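Scroll down for the structure; my scribbles are underneath it.
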Amino acid sequence: MMYKRIAVTGAAGLIGSAVVRHLSQYNNVEVAAFDFPGVQDLVPGSQVPIEPVDVADPKMVKILESIQPQAVVHAAAHPGGKSLREPIEDVRVNALGSMQIFHWCEKAGSHVVFLSSSSVYGEQKENKIPETAVPNPGTIYGACKVACEQWLRIFEHGSGLSWTVLRPFATYGPGHQPSLDQGIVNILLTQLLNGDRITVKGSLMRRRDLTYVEDMASTIVQMLFCKAAIGRVFNIGSGVAVTINDIIKLLCDALNKPISGIKIIEEAGTVGDSFSNVADISQIKKILNFKPKFGLEAGLKELIEQRIVSKGKAIDLQ
């Protein structure tokens, strides 16, 4: 199953930009890229131009009408790490903005791949969380994602909307701007590159499932073209648990920084941040024979090399 014209929202972000790069490798596919006003002119690492538009702006609908994509990969989102501080903006972008995309796809007969989030699960009892787990979001961001998933089902039942929901677990790699709000690996690396002090909100023993962005994007594109994925929900992750403490150690090793010289400050956790968030990936393995290509150490090294080059720092990573 192929689409000749595909729109990607959030195309300047970590995952969205990688999806555009992967789609650009298909000679018979035209890609239209969108992100919020103020981002760069081109999708990072490609020559695909970005149309600056807010997904919640009515202008978004007019643009979709003009280009008529046969499928939309909806990756745009207000960051989950800001949702409690900026709840109205979170709902405006993640709920209203998504509804605009879904409603247009429903009327136009276009397929939509919605990037939901592992945050929909919240606190769960399972060591590895299956797609059948009852959503239990502890954040406004996660609650918006749950609502969006349900809206897609309603549109399907009401008018036959074609959709696939993907729930990415923690994703890392080149493409994240240095930040203390978005992406656990990004938050830790940002602090380590700025000094020898890390503040961690929550237990160092929290468990996460990390996937390198190129593995994530490759899987998203495969699911976009997979007929068997229509009308279904899939986790995307590595299926391997790693603690926050382990991530810090691996980053220090890759940076040649002795962890003994790092002051780690453990603070109270963030509201809604679950202790364990690790994917059961048995379903996506069945449909795609999925297996991540990047191991964690190799992926972290690639990220650090790219981050250091972008900052103009020379650090020996051998």
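The values are calculated or read from the model by the stated rules, or taken from the named source; none is laboratory data. Remember, it's a predicted structure, so these values are computed and weren't measured experimentally. Cβ atoms come from the backbone with ideal geometry, glycine included; neighbour counts cover every protein chain shown.
Could you check the stretch 1-45 and list, in sequence order, the residues that are small (Gly, Ala, Ser), in contact (Cβ under 8 Å) with a residue 60 or more places away in the chain and outside any loop (DSSP other than H, G, I, E, B)? Correct list: ALA7, GLY16, SER17, ALA18.
Examine the stretch 112-126 for a residue that is in a helix (DSSP H, G or I) and within 23 Å of VAL53 (Cα to Cα), and state whether such a residue exists. Among the residues of the stretch 112-126, not one is in a helix (DSSP H, G or I) and within 23 Å of VAL53 (Cα to Cα), which makes the answer no. Of the residues making up the stretch 167-178, just one is over 14 Å from THR211 (Cα atoms) and in contact (Cβ under 8 Å) with a residue 40 or more places away in the chain, namely PRO178.
Among the residues of the stretch 271-286, those that are surrounded by 14 or more Cβ atoms within 10 Å (Cβ to Cβ) and either modelled with pLDDT under 95 or closer than 30 Å to GLU86 by Cβ (or both) comprise GLY272, ASP273, SER274, SER276, ASN277, VAL278, ALA279.
Among the residues of the stretch 1-11, not one is modelled with pLDDT under 95 and under 26 Å from VAL93 (Cβ atoms). Within the stretch 223-246, residues that are closer than 17 Å to LEU152 by Cβ have Cβ atoms under 6 Å from residues that are basic (Lys, Arg) and crowded, with 18+ Cβ neighbours inside 10 Å in these pairs: ASN235/ARG167, counting only partners at least 6 apart in sequence or on another chain. Within the stretch 226-235, is there a residue that is more than 19 Å from the chain's Cα centre (by Cα), modelled with pLDDT under 95 and of a type in the set (Gly, Ala, Ser)? For the stretch 226-235, residues more than 19 Å from the chain's Cα centre (by Cα), modelled with pLDDT under 95 and of a type in the set (Gly, Ala, Ser): absent.
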